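Asker: Please find one structure pasted underneath; my questions will follow.
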Amino acid sequence: MLLPTALRYVGVLLLLLVPWPAAWSQSTPQFDAIVVRQHDPRDVSQDGGIHWSGLTFEANNVPLTFLMTQAFGVKKWLIDGLPAWAEKNTWDVNAKVAASDLKLMQNLTREQRSQMLQTILTEQFRLRYHFGEKLQPVYELSVLPAGPKFKASANIDGTKRGFGGWTFIAGLAQCERITMAQFANGLSPLVERVVLDRTDLTGTYDIEVRWTPEKSANAANDNGLDAAATPGIVTALREQAGLKLTSAKAMVPLLVIDGMEQPEQQ
């Protein structure tokens, strides 16, 4: 995969929808020049990624869905109506602001970066969109009857304030001082569904769960029968954390694509 499928969080999850353009900050820099090219599929020398530096934003070999998740704060499976070419191709982007905006670029907020990425999508890809809702498969996270197998976080200096470290990668969820709503949100990219918190647990907790990612398990020579192998995520949550994932359906917010066009090659 060109980009890591896992997400690493420290402190807070950055998965909220960004504001509509009418609410954008007046101090957000505007790109002076934007060059977009389809990445050569024969070029396998570059890993995908994005980079903000000085006056520039660069994206190399990135799927359009990744740019959209960064621009709108939605998970990729909650983008509805993408044309086939948008899911197939990867892109290189080079965008630059005026030198007079250097100070603003050095102090960009996440919201401002999202706004600037939206500009690239609307100007270069002629993106037209709206937000809607749709009945979608989800998971509900609940506590097994025997109760949770993890502990409440210890207070920091006699208070309940403070952030912990959160890691969600393929095969590992390792969290300190996390709420269950945040934990459910962190699991979502790993199961590619919205995970709803139904635990009724209201504190912050330290949780560690290890499992065999699905692709790794399927690739094993023994077809997953190795007794020493770690379990899949559903079994691991049950055995290691006392938590249960149950399939359900719920109305889920979507980014709905009304139309978009491939940019002319520059």
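The values are calculated or read from the model by the stated rules, or taken from the named source; none is laboratory data. In this text the structure is predicted, and so the values were computed from the model without any measurement. Cβ placement follows ideal geometry from the backbone for every residue including glycine, while neighbour counts extend to all protein chains displayed. Accessible surface is based on the protein model in full, side chains and every heavy atom, while ligands, DNA and RNA are left aside. Shrake-Rupley method; radii C 1.70, N 1.55, O 1.52, S 1.80 Å.
Asker: Within the range 207-214, does at least one residue satisfy the condition of being modelled with pLDDT under 90, among the hydrophobic types (A, V, I, L, M, F, W, C) and in contact with a Ser or Thr (Cβ under 9 Å, 6 or more places away or on another chain)?
Answerer: To start, the set of residues in the range 207-214 that are modelled with pLDDT under 90 comprises 213-214.
Remaining after also requiring among the hydrophobic types (A, V, I, L, M, F, W, C): none.
No, the range 207-214 contains no residue that is modelled with pLDDT under 90, among the hydrophobic types (A, V, I, L, M, F, W, C) and in contact with a Ser or Thr (Cβ under 9 Å, 6 or more places away or on another chain).
Asker: Val18 is checked against (1) modelled with pLDDT under 90; (2) β-branched (Val, Ile, Thr); (3) over 23 Å from the mean Cα position of the chain (by Cα); (4) open to solvent by less than 70 Å² (accessible area, probe 1.4 Å) and fails just one. What number does that condition carry?
Answerer: Val18 satisfies all of (1) modelled with pLDDT under 90; (2) β-branched (Val, Ile, Thr); (3) over 23 Å from the mean Cα position of the chain (by Cα); (4) open to solvent by less than 70 Å² (accessible area, probe 1.4 Å) except (3).
Asker: Something else: What number of residues within the range 195-207 satisfy the criterion of being in a loop (DSSP other than H, G, I, E, B) and either surrounded by 21 or more Cβ atoms within 10 Å (Cβ to Cβ) or among the charged types (D, E, K, R) (or both)?
Answerer: Initial filter on the range 195-207 (in a loop (DSSP other than H, G, I, E, B)): 198-204.
Narrowing the set further to residues that are either surrounded by 21 or more Cβ atoms within 10 Å (Cβ to Cβ) or among the charged types (D, E, K, R) (or both) leaves 198, 200, 204.
Number satisfying all stated conditions: 3.
Asker: Filter the range 98-116 for residues that are in contact (Cβ under 8 Å) with a residue 12 or more places away in the chain, in a helix (DSSP H, G or I) and farther than 11 Å from Trp52 by Cα and give the result.
Answerer: Ala99, Asp101, Leu102, Leu104, Arg110, Glu111, Gln112, Ser114, Gln115, Met116
Asker: Right, something else. Only one residue in Ala146, Ala154, Ala184 is of a type in the set (A, V, I, L, M, F, W, C), exposed (fewer than 14 other Cβ atoms within 10 Å of the Cβ) and at pLDDT 95 or above, so which one is that? Steps first, please.
Answerer: Details: Ala154 fails: at pLDDT 95 or above; Ala184 fails: exposed (fewer than 14 other Cβ atoms within 10 Å of the Cβ).
That would be Ala146, the only listed residue that is of a type in the set (A, V, I, L, M, F, W, C), exposed (fewer than 14 other Cβ atoms within 10 Å of the Cβ) and at pLDDT 95 or above.
Asker: Further question on the same structure: Which of the residues belonging to the range 84-97 are in contact (Cβ under 8 Å) with a residue 40 or more places away in the chain and farther than 18 Å from Thr119 by Cβ? I'd like the intermediate steps shown before the answer.
Answerer: Of the range 84-97, the ones in contact (Cβ under 8 Å) with a residue 40 or more places away in the chain are 85-86, 89-97.
Passing the criteria: Trp85, Asn89, Thr90.
Asker: Which residues, taken from the range 27-48, are in contact with a strand residue (DSSP E or B) (Cβ under 6 Å, 6 or more places away or on another chain) and open to solvent by less than 60 Å² (accessible area, probe 1.4 Å)?
Answerer: Matches in the range 27-48: Pro29, Phe31, Ala33, Ile34, Val35, Val36, His39, Gly48.
Asker: Filter the range 232-266 for residues that are in contact with a Gly (Cβ under 8 Å, 6 or more places away or on another chain) and open to solvent by less than 50 Å² (accessible area, probe 1.4 Å); which is farthest from Lys134 (Cα to Cα)?
Answerer: Of everything passing the filter in the range 232-266, Gly242 is farthest from Lys134 (Cα to Cα).
Asker: What's the number of the only condition in (1) more than 29 Å from Arg198 (Cβ to Cβ); (2) loosely packed, with under 12 Cβ neighbours inside 10 Å; (3) at pLDDT 95 or above; (4) not hydrophobic (A, V, I, L, M, F, W, C) that Thr122 fails to meet?
Answerer: Of everything listed in (1) more than 29 Å from Arg198 (Cβ to Cβ); (2) loosely packed, with under 12 Cβ neighbours inside 10 Å; (3) at pLDDT 95 or above; (4) not hydrophobic (A, V, I, L, M, F, W, C), Thr122 misses just condition (2).
Asker: Does Leu237 satisfy the condition of being part of a helix (DSSP H, G or I), modelled with pLDDT of 95 or more and not basic (Lys, Arg)? Spell out how you get there, then give the answer.
Answerer: Details: part of a helix (DSSP H, G or I): yes; modelled with pLDDT of 95 or more: yes; not basic (Lys, Arg): yes.
Criteria met by Leu237.
Asker: Tally the residues that are open to solvent by less than 30 Å² (accessible area, probe 1.4 Å) and in a helix (DSSP H, G or I), restricting the search to the range 53-97.
Answerer: 9
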